[in-house]
Amino acid sequence: MDEVIQVTQWLSSITPRKKAKLFFFTTHADAPSPMVGSNDVDTHEETQLPLATTVALHNFKNIDEFLKKKVNTFSCYNVIENEITKTDYEYLRFYSACKYLDVVPPFLDLEKISAIQNKFEMTEEERDYRLLLDSADLVLEKVCDSLKPAGVSQMWTALRKDRNLIRGVKTIDIIGFFVDPNPTGIKECLFFFIVRFLQKADKINRVNTDRLERLIAQCDESSSCEEGKTIDFIIDSLRFYPTELYPFGFCLIMCVIEGRDGAMQEIEKTMEISRHLGMITHTEKNPTKETIELVKKELMKPKYQFYSSFTCWFMSHGDSNSMVLADGETIEREWFLTSFPDISTFQLKPKVFFMVSCRGANKFSLKGDEFEGQSATCDYYDIGSALIRNRMLDITDSVRDISYVQPMMDTLVAYSTILDHLSGRANTHGSIYVDRACVLMSENISRGRSLTEILEHLSQDLHEILQETMDEDRIVYKQACHYDSFFRKTLKLPYTRHPKEDVHSAPQ
């Protein structure tokens, strides 16, 4: 069959709502850069004009033309080995969006998808199409689905009132002031236009969504929300780090085995919980400084920009300032913690570090006959307002900026013990902190708990456990853990374990 006819038939089979979503996912705002074939040309026309004309004319002609152009570009595209291009990235995004919306063109060359995945050096696990979807866009899709056409129309009216923001923007004038968002698919086009406009104006990104939240807050709840939804519910959904679908993120496990009883158990537990949470995991046993540098270099590869979060477990001996590596050398804990968050592939994404090592030799000792012989160190322990605002500073948009971000932002560092103190271990099962952390995370899947809630529970749980030193003094003591957070949103654990799909990649 002629390709033009195939494309026409494919487009006619897609509903207007899915066309709007496919356009939105395909024109993703935060494409990796720099990339071969990319440039700094303003893509305002490509990403916003089709949406604006569709809303104004109630006609999907320009979106259809955009999708046709994409299909034709991919059809003629020759995959060049060892050189990642802008088209490679767009091809993967387009394929994943089609797969997610169940509108994959029957004529799409899946062999090219496989060849592009090879260029990105993707493993079998990483070839799951869900990795390629941008989790922030998926959250915004859900926000759109929670709003009625009247709600999006009210957002548009509120946006139009901000004259400083919209001055001189031609696409705003194309849509006009009054909009009828009721025809099928027009609500989606208008909402996605608002989102992309705010992103291009540097008013929102995957972390900073306050400007969008303020537009939603101006909606009338009785007429703007779909059944079962509220304005507060919709706004709250924007206040979590976007980690939708599989995988939950990338997990790096570094564990020094030499001289650490139970270290293999630590690896098994952390691998099990990371996979249970839906993370793709990599383990480094007995890391050295060279290993760490190689891992940092690996994490800068383009494929890691598809991940929505980063978690690192580092388990070793240590003191107040440093950690002991497998070859006996030490590294400064502060150097380790500040070097990883600065990796560009994980900017604006949550980064969690579990630092499991002693930070000194002090201990909170318990004295008295009632504590003798009681500890979990030798035996495995397990248990399944408007007036106020009016008197505050008026912080205007003109003094806000979301373009420059301090590297440690969106990072959380969890320590197994407090400064200058021991971090306890069980003879055969390794770190008690690791054990309790894995148990509590496993127990709280499906409960909608945030990571910080679990860490607070962990702090309580760990501090109840009596431990005993392994030297001849056999001192009974308690351990206190804590965390430092630079988070700007809440990181929730997934509600369910993210299963891998039976068919999740292009043919090999």
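A few comments on the model shown:
- Within the range 424-469, the set of residues being under 22 Å from Gly318 (Cβ atoms), assigned to a loop (DSSP other than H, G, I, E, B) and among the aliphatic types (A, V, I, L, M) comprises just one member, Ile465.
- Considering only residues in the range 321-343 that are at pLDDT 90 or above and in a loop (DSSP other than H, G, I, E, B), the one that is most open to solvent (accessible area, probe 1.4 Å) turns out to be Glu329.
- The condition of being closer than 22 Å to Asp102 by Cβ and either acidic (Asp, Glu) or surrounded by 18 or more Cβ atoms within 10 Å (Cβ to Cβ) (or both) does not hold for Gln154.
- Number of residues in the range 48-88 that are over 17 Å from Ser114 (Cβ atoms), of a type in the set (Val, Ile, Thr) and crowded, with 16+ Cβ neighbours inside 10 Å equals 5.
- Tabulated pairs, the range 160-182, first under 20 Å from Thr396 (Cα atoms), second open to solvent by less than 40 Å² (accessible area, probe 1.4 Å) and assigned to a helix (DSSP H, G or I), C-beta under 6 angstrom, 6+ apart or interchain: Ile166/Ile172
- Contact map, the range 279-299: first residue closer than 14 Å to Pro341 by Cα and assigned by the TED database to the domain that holds Val256, second residue among the polar types (S, T, N, Q) and surrounded by fewer than 16 Cβ atoms within 10 Å (Cβ to Cβ), Cβ cut-off under 9 Å, separation 6 or more or different chains; pairs are Ile292/Ser339; Lys296/Ser339.
- Selection of the range 242-269 for residues being touching a Phe, Trp or Tyr at 6+ places or on another chain (Cβ under 8 Å) and either modelled with pLDDT under 90 or under 24 Å from Val195 (Cβ atoms) (or both) yields Pro247, Gly249.
- Restricting attention to the range 147-174 and to residues that are over 28 Å from Asp232 (Cα atoms) and assigned to a helix (DSSP H, G or I), the residue that is modelled with the highest pLDDT turns out to be Ile174.
- Search result, residues across the range 301-344 that are polar (S, T, N, Q) and within 28 Å of the chain's Cα centre (by Cα): Gln305, Ser308, Ser309, Thr311, Ser316, Thr338, Ser339, Ser344
- Positions within the range 117-131 being among the acidic types (Asp, Glu) and surrounded by 19 or more Cβ atoms within 10 Å (Cβ to Cβ), in sequence order: Glu126, Asp128
The values are calculated or read from the model by the stated rules, or taken from the named source; none is laboratory data. Worth saying up front: this structure is predicted, and the values here are computed from it rather than measured. Counting neighbours? That spans all protein chains shown, and the Cβs are built from the backbone with ideal geometry, glycine included. To get the accessible areas, we keep the full protein, side chains included, count just its heavy atoms, and leave off ligands, DNA and RNA. Shrake-Rupley method; radii C 1.70, N 1.55, O 1.52, S 1.80 Å.
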